[in-house]
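I have placed the structure first, in the form of structure tokens, so that the comments after it can refer back to it.
The values are calculated or read from the model by the stated rules, or taken from the named source; none is laboratory data. Everything numeric here is computed off the predicted structure, so don't read it as measured data. Here the Cβ positions follow ideal geometry from the backbone for every residue, glycine too, while neighbour counts run over all protein chains shown.
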Ligand code: ADP
């Protein structure tokens with residue numbers, strides 16, 4: 001292949017949390033692939049002014065947990081002119097950089113594409129004016145450019161999510177959760193303006209995740225009489241007993257005549273028409289700040305790895321790629337097309353073609369919008385279904401608590417009521433059901449549940465047919481005329497649905513649709529990419545690891561063995577390992593033995609010997625709780641301490657129930673809302689035939705509403721879609737003994753943990769020499 005690639009990385013436009021994770025991954029993965037990597041400081045300004053610096057492996061240590069961008073960003077006017085770009089080309093050629101990875105928003109990526117399309121002519125001009133030699137001109141005939149989308153707005157078409165958007169959503173939800181307590185105390189209304197320019201993603205996501213009463217989005221503008229609709233909803237919610245009113249408004253919100261809707265307009269309407277004591281809060285730049293959420297760290301890391309691969313695989317003919325994320329997979333598509341489609345959103349809005357604007361957003365956007373309106377706005381009987389189709393819906397929590405259980409229950413209750421169904425809360429899991437611990441849930445009874453952690457209904461691990469009597473369960477279901485059952489829980493819940501489905505043969509009362517919404521920190525329920533609670537847990541682990549590393553760095557060279565949950569699944573260890581920059585991880589899928597520990601202790605010694613003499617670095621290793629009976633967290637810590645000689649010390653941290661988090665993460669709340677709404681739709685679908693027939697024959701609703709295996713399902717997330725997988729079908733793809741799916745999509749991330757922590761840096765021979773020297 002000849003000379004090594006020299007890759008430049010720059011961050012440009014508005015800063016976004018996760019940009020540092022991009023720089024770290026590009027630098028480290030690039031070096032591991034034999035490339036030289038250069039940081040271009042201050043975005044395009046660094047090209048114009050020659051702010052280009054070669055990066056070493058160690059230069060990006062600690063980057064993962066830091067918000068913003070450590071290599072700077074700028075709005076660079078000079079780069080918008082050809083003269084500026086000519087300077088940029090000159091500096092790149094003189095530094096020997098022949099590929100550029102740009103992380104920024106649509107403006108930055110438009111600039112990047114223009115730069116590449118002009119490259120030939122810039123090269124020729126530099127040659128003609130004698131700025132570069134013929135050899136240099138020939139050697140730099142092509143510039144590879146790869147785009148990564150760093151934008152808190154999530155406003156780029158062709159990708160489902162952009163780097164920084166989820167962290168921004170975290171900041172918004174933290175703020176609105178805090179505002180909610182004061183609003184509640186004073187019975188106030190709050191109008192909260194969030195960022196997003198032409199994109200309503202942040203506003204919608206925040207609206208769902210905080211249980212806001214109303215949202216204003218650019219893609220779904222209301223007509224000019226929006227004040228009537230707003231007041232009707234706010235008034236109804238107050239009538240139902242609510243003491244606070246929260247309205248989220250996107251900064252680009254407009255009405256259908258394109259007239260901007262300003263927070264103050266909303267405030268005036270709420271104060272004047274409803275007499276509500278209303279305050280406006282503009283969140284502004286707090287939305288850009290803070291340590292990146294686990295999701296953004298992972299997204300930025302896996303996309304940056306793909307970006308380096310794209311550089312290495314590109315030819316002069318390939319169009320500049322944009323690295324996206326679609327259907328939970330990293331994707332590569334043409335950069336220019338993505339930029340064009342993104343501009344089309346603004347154009348469509350300007351032309352009042354709102355349907356097209358919505359179409360250009362990621363597919364989940366429309367789905368989530370529907371879930372939001374169906375559970376929040378449409379509580380005016382417009383969604384009610386005919387009396388004879390209405391159901392008594394039981395809701396039960398099973399297994400350990402997980403973030404999002406309450407949010408799912410709240411949405412299910414509200415949506416049930418909007419449709420005319422009766423929601424019943426079953427307290428304390430199946431043992432509670434066996435005791436007849438059932439109560440009708442009300443609209444106001446579930447108010448505020450969106451952001452509450454734990455389980456308001458109370459949860460229990462008992463499984464019907466195993467440690468709760470199936471006959472009693474069937475009896476109670478029949479006794480309370482429960483016609484559909486929504487179970488929110490983890491692997492015990494999965495086993496429960498299998499048993500309930502199997503027991504249908506014996507008990508007609510179990511001939512009702514059953515939907516399991518997976519909720520467990522371990523993310524080990526088959527039939528879904530993500531379970532509720534797993535994102536909350538990742539964030540809790542990552543925050544703890546950040547604190548642990550900080551403490552270790554401040555005192556002495558120390559390795560922490562951090563024990564994480566997950567049962568027999570390594571999901572939490574792999575994803576948290578990637579997001580926290582762990583030195584390595586021990587997971588059940590691989591096991592751990594003496595040889596592995598020896599190799600890891602050598603690696604750690606090599607790393608510590610390579611550190612500056614006066615630096616104390618903290619490092620962490622994540623150990624899954626069940627990986628080995630012999631090599632417990634304490635044993636591993638002791639072994640490493642002994643092997644580390646005087647080079648480093650070792651300590652343990654068992655995170656335990658901290659991993660359930662205090663409040664569910666915004667992602668878990670949003671997933672909960674979507675899955676709950678879909679579960680109720682599923683119940684309607686699977687009961688309509690029997691109920692219609694009974695209605696036509698003027699008979700009462702039958703006890704047996706469905707007996708189809710397809711009516712006992714896991715309602716899960718597969719990429720962008722909500723799927724309904726019958727448990728009878730899922731058994732075939734489940735490792736029942738180890739309580740997890742046979743396939744683990746996240747295992748592709750596993751090698752990156754070791755690679756990015758420097759596993760490949762020192763050859764075994766070098767490690768052996770180092771350990772002999774001690
Ligand atoms: P974002 O990337 O977040 O959308 P901007 O639109 O401000 O932010 O763009 C960031 C930088 O990208 C600009 O300051 C400029 O240097 C460069 N840029 C943006 N648009 C162009 C363009 N059409 N041509 C050349 N450079 C551009």
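Give segment 694-711 a look and list any residue that's under 41 Å from the mean Cα position of the chain (by Cα) and either modelled with pLDDT of 95 or more or assigned to a loop (DSSP other than H, G, I, E, B) (or both), or say none. Quick ask: steps written out before the conclusion?
Initially, segment 694-711 is screened for residues under 41 Å from the mean Cα position of the chain (by Cα), giving 703-711.
Passing the criteria: 703, 704, 705, 706, 707, 708, 710, 711.
Looking at this structure, is residue 452 under 22 Å from residue 413 (Cβ atoms) and out of contact with any helix residue (DSSP H, G or I) (no Cβ under 7 Å at 6 or more places or on another chain)?
Details: under 22 Å from residue 413 (Cβ atoms): yes; out of contact with any helix residue (DSSP H, G or I) (no Cβ under 7 Å at 6 or more places or on another chain): no.
It is false that residue 452 is under 22 Å from residue 413 (Cβ atoms) and out of contact with any helix residue (DSSP H, G or I) (no Cβ under 7 Å at 6 or more places or on another chain).
Could you grab me the full set of residues in segment 463-490 that are under 17 Å from residue 429 (Cβ atoms), touching a strand residue (DSSP E or B) at 6+ places or on another chain (Cβ under 8 Å) and surrounded by fewer than 19 Cβ atoms within 10 Å (Cβ to Cβ)?
480
Grab the strands (runs of 3 or more DSSP E) fully contained in segment 404-518, keeping just those with 1 or more residues being in contact (Cβ under 8 Å) with a residue 60 or more places away in the chain. Write out each step before concluding.
On the way: elements: 422-426, 438-440, 484-489, 514-518.
Fully inside segment 404-518 and qualifying: 484-489, 514-518.
Which of (1) more than 16 Å from the ligand (Cβ to nearest atom); (2) in contact (Cβ under 8 Å) with a residue 60 or more places away in the chain; (3) on the phi > 0 side of the Ramachandran plot is the odd one out, the single condition residue 18 does not satisfy?
(1) is the only condition that residue 18 fails.
Return yes or no: is residue 756 crowded, with 17+ Cβ neighbours inside 10 Å and either in the same structural domain as residue 493 (by TED's automatic domain parsing) or touching a strand residue (DSSP E or B) at 6+ places or on another chain (Cβ under 7 Å) (or both)? Walk me through how you get there before you give the answer.
Working: crowded, with 17+ Cβ neighbours inside 10 Å: yes; either in the same structural domain as residue 493 (by TED's automatic domain parsing) or touching a strand residue (DSSP E or B) at 6+ places or on another chain (Cβ under 7 Å) (or both): no.
Taking the combined requirement at face value, the residue does not satisfy it.
Among the residues of segment 579-595, which ones are surrounded by 24 or more Cβ atoms within 10 Å (Cβ to Cβ) and within 15 Å of residue 632 (Cα to Cα)?
585, 586, 587
For the structure I just gave you, tell me whether residue 414 is in the same structural domain as residue 706 (by TED's automatic domain parsing), under 33 Å from the mean Cα position of the chain (by Cα), closer than 26 Å to residue 717 by Cβ and at pLDDT below 95.
On the way: in the same structural domain as residue 706 (by TED's automatic domain parsing): yes; under 33 Å from the mean Cα position of the chain (by Cα): yes; closer than 26 Å to residue 717 by Cβ: yes; at pLDDT below 95: no.
Spelling it out, it is not the case that residue 414 is in the same structural domain as residue 706 (by TED's automatic domain parsing), under 33 Å from the mean Cα position of the chain (by Cα), closer than 26 Å to residue 717 by Cβ and at pLDDT below 95.
Taking the options 337, 352, name whichever one is surrounded by fewer than 24 Cβ atoms within 10 Å (Cβ to Cβ) and either touching a strand residue (DSSP E or B) at 6+ places or on another chain (Cβ under 6 Å) or outside any helix (DSSP H, G or I) (or both). Full working, then the answer.
Values: 337 fails: either touching a strand residue (DSSP E or B) at 6+ places or on another chain (Cβ under 6 Å) or outside any helix (DSSP H, G or I) (or both).
Matching residue, one of 337, 352: 352.
Please work out which residue is nearest to the ligand (Cβ to nearest atom), limiting yourself to segment 142-162 and to residues that are within 26 Å of residue 92 (Cα to Cα) and either in a strand (DSSP E or B) or modelled with pLDDT of 95 or more (or both).
Step by step, filter segment 142-162, then rank; the result is 151.
Kindly check whether there is at least one residue in segment 397-410 that is in contact with a strand residue (DSSP E or B) (Cβ under 6 Å, 6 or more places away or on another chain) and closer than 20 Å to residue 471 by Cβ.
Filtering segment 397-410 down to residues in contact with a strand residue (DSSP E or B) (Cβ under 6 Å, 6 or more places away or on another chain) leaves 397-399, 402, 404-405, 408-409.
Still in the running and closer than 20 Å to residue 471 by Cβ: 398.
For segment 397-410, residues in contact with a strand residue (DSSP E or B) (Cβ under 6 Å, 6 or more places away or on another chain) and closer than 20 Å to residue 471 by Cβ: present.
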